[in-house]
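I have placed the structure first, in the form of structure tokens, so that the comments after it can refer back to it.
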Amino acid sequence: MERIKQALARAREEQQNRGNVALAEVRQHPASTPVQNKLDFEYTQTRVVELDDKVLKKNRILVDNDHDRANAAYKLLRTQIEQRMLAKQWNTLAITSPGPDHGKTLTSINLAISLAKSTYQSVLLIDLDLRKPSIHRYFNYEPEYGIYDCLANDLPFGEILFNPGIERLVIAPGKQSIYNSSELLASPKMAEIVNEVKHRYKSRFIIFDLPPVLATDDSMAFAPHVDATLLVIEDGVTTKDQLKQTNEMLQGTNIIGTVLNKSKAHRGNYYYYYY
């Protein structure tokens, strides 16, 4: 515990020394300048998307409501992940699930938002579910380009980024569905992008939303690029055999924990537990 506290203190000290870090070049507004989209910074290389709170709530995206029980659950998840990642000096996390529709993408989005609300780090969320990219749809945003354009057409990575009106959070979306996805995820270009985002800022946390493990070999192909993996399972749906098979397929990766989604203990709502 003492080592974790020291790691957190070092991270905060580093942030103070370096100033406020963003994923793109940023310029701080003077105190007298109105701030749009609830941001304290103006993103000069990243598209800022104006969002409707009604759309966010409809899609179960976290909004500024400290009394919301889902917010509290994500704060608990965030803190446990921060402690484990900082203790290991890790900053890249893949999120996946055994099968489809277990809630891994929503978990990726809400965890990224919760992490971005921490005081000392910026967060980059990358949609690598190339066969079924969907992160942008949760924000009601249709990107001109996606990660495929970077991997296959050498589009500069910065050209696809957007900021969803949340301070310190930037998203690299997907766009069209791609069927040679595992080859792209295992490509030298993918390794180059991961290396760039991993090392450019020391206070950056990167989350990769990956496809379900049992649906394709994509997660296996990409797993060597990340420090740790978080599994999302659905209460009453994911079987023990599926979970065992998933662990076997991800053997050799650092599975940091599991999120139990759609718990039957709270019917009609989405609550998240970490263990």
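The values are calculated or read from the model by the stated rules, or taken from the named source; none is laboratory data. All figures in this text were calculated on a predicted structure; none of them were measured in a lab. Here the Cβ positions follow ideal geometry from the backbone for every residue, glycine too, while neighbour counts run over all protein chains shown.
Summary table below
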read-out: Selection count where residues are modelled with pLDDT of 50 or more and touching a strand residue (DSSP E or B) at 6+ places or on another chain (Cβ under 8 Å), scope segment 252-275; value: 11
read-out: Residue tally, condition crowded, with 20+ Cβ neighbours inside 10 Å and either in contact with a Leu (Cβ under 6 Å, 6 or more places away or on another chain) or over 14 Å from LYS262 (Cβ atoms) (or both), over segment 93-104; value: 5
read-out: Any hit, segment 97-118, residues being assigned to a loop (DSSP other than H, G, I, E, B) and closer than 24 Å to LYS189 by Cβ; value: no
read-out: Residue in segment 60-83 that is at pLDDT 85 or above, on the phi < 0 side of the Ramachandran plot and in a strand (DSSP E or B) present; value: no
read-out: Filtered residue count, segment 93-124, keeping only those that are under 21 Å from LEU250 (Cα atoms) and not basic (Lys, Arg); value: 14
read-out: Unique match (being touching an Asp or Glu at 6+ places or on another chain (Cβ under 6 Å) and over 20 Å from ASP53 (Cβ atoms)) among ASP129, ASP218; value: ASP129
read-out: Tally of residues being more than 17 Å from the chain's Cα centre (by Cα), surrounded by 13 or more Cβ atoms within 10 Å (Cβ to Cβ) and not in a loop (DSSP other than H, G, I, E, B) across segment 136-153; value: 5
read-out: Residue match in segment 154-175 (condition: buried (at least 22 other Cβ atoms within 10 Å of the Cβ) and part of a helix (DSSP H, G or I)); value: no
read-out: Matching residues in segment 195-253 - criterion: being farther than 20 Å from SER108 by Cβ and basic (Lys, Arg); value: ARG200, LYS202, LYS240, LYS244
read-out: Residue pairs meeting the criteria (Cβ under 7 Å; at least 6 apart or on separate chains; first more than 20 Å from ASP227 (Cβ to Cβ) and in contact (Cβ under 8 Å) with a residue 24 or more places away in the chain, in segment 175-202; second aromatic (Phe, Trp, Tyr) and in a loop (DSSP other than H, G, I, E, B)); value: LYS175/TYR145
read-out: Some residue of segment 134-153 being hydroxyl-bearing (Ser, Thr, Tyr) and under 25 Å from ALA73 (Cα atoms); value: yes
